[in-house]
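The values are calculated or read from the model by the stated rules, or taken from the named source; none is laboratory data. This one's a predicted model, so the numbers in the text were calculated from it and none came from an experiment. Cβ coordinates were reconstructed from backbone atoms using ideal geometry, including for glycine residues, and neighbour counts include every protein chain displayed.
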Amino acid sequence: MASSLAIFGVLMIMALGMLSYEAEARAFFVFGDSLVDNGNNNYLATTARADSPPYGIDYPTGRPTGRFSNGMNIPDFISQQLGAEPTLPYLSPELTGQKLLVGANFASAGIGILNDTGIQFINIIRMTRQFDYFQQYQQRLSSLIGPQRTKQLVNQALVLLTVGGNDFVNNYYLVPFSARSRQFALPDYVKYLISELRKLLLVTNSRLG
């Protein structure tokens, strides 16, 4: 278990390494799991939801927001430090017009690096789908400000990708003798996850232009 926690830390560090701390970033894009989901799963027919108390008890509204937190989450604190308004969930009907310029949050609780992670939650936005939504976002933004300004905004954006923990707790260790634990010894599973994460990062970079 200690090894898995250590590797989770490594995956988190690799993900956070994608952050670009440019003060003039004009948009903020968030991809990942429940650590950064700020409400997308509220719009899905899934069991991975944070839409009831005690979630949100320390949020300014005092009500659940879809964040898997009693208050704000990682993207909220980053937006706060940047002096920007929080990004909206991509599935929110409020994400229209000028609010698209702030960026968007594509994260979905329960997902992992692997597509078979979190299958018990039924309907979640896996990483490949998150990237598809990002492409869709760019098309929507392009119709608002034009393709050239869209490309500039995306290229100057701040990006956060946080993923990896669920591949242990909601996959490898989900049940005794899980399919993945039978397929891989833990060190080999870690290597496999890192290999798959690299592929995801390459896809992310290509989608970000």
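Numbers below:
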{"read-out": "Residue that is within 18 Å of the chain's Cα centre (by Cα), farther than 24 Å from Thr47 by Cβ and among the polar types (S, T, N, Q), where the choices are Gln136, Gln152, Gln81, Gln156", "value": "Gln136"}
{"read-out": "Matching option when the condition is in a helix (DSSP H, G or I), over 25 Å from Glu85 (Cβ atoms) and either out of contact with any helix residue (DSSP H, G or I) (no Cβ under 6 Å at 6 or more places or on another chain) or free of Cβ contacts under 8 Å to residues at least 60 places away in the same chain (or both), among Arg149, Arg182", "value": "Arg182"}
{"read-out": "Residues of region 73-99 that turn out to be over 19 Å from Arg129 (Cα atoms) and surrounded by 18 or more Cβ atoms within 10 Å (Cβ to Cβ), as a count", "value": "7"}
{"read-out": "Out of Asp188, Asp167, Asp116, sole residue that is among the acidic types (Asp, Glu) and in contact with a Gly (Cβ under 9 Å, 6 or more places away or on another chain)", "value": "Asp167"}
{"read-out": "Condition met for Met18 (assigned to a helix (DSSP H, G or I), farther than 22 Å from Leu91 by Cα, touching a strand residue (DSSP E or B) at 6+ places or on another chain (Cβ under 8 Å) and at pLDDT below 95)", "value": "no"}
{"read-out": "Residue satisfying condition, being surrounded by fewer than 16 Cβ atoms within 10 Å (Cβ to Cβ) and not hydroxyl-bearing (Ser, Thr, Tyr), within set Leu161, Leu197, Leu202", "value": "Leu202"}
{"read-out": "Residue in region 76-97 that is within 15 Å of Ser34 (Cβ to Cβ) and without any contact (Cβ under 8 Å) to a residue 40 or more places away in the chain present", "value": "yes"}
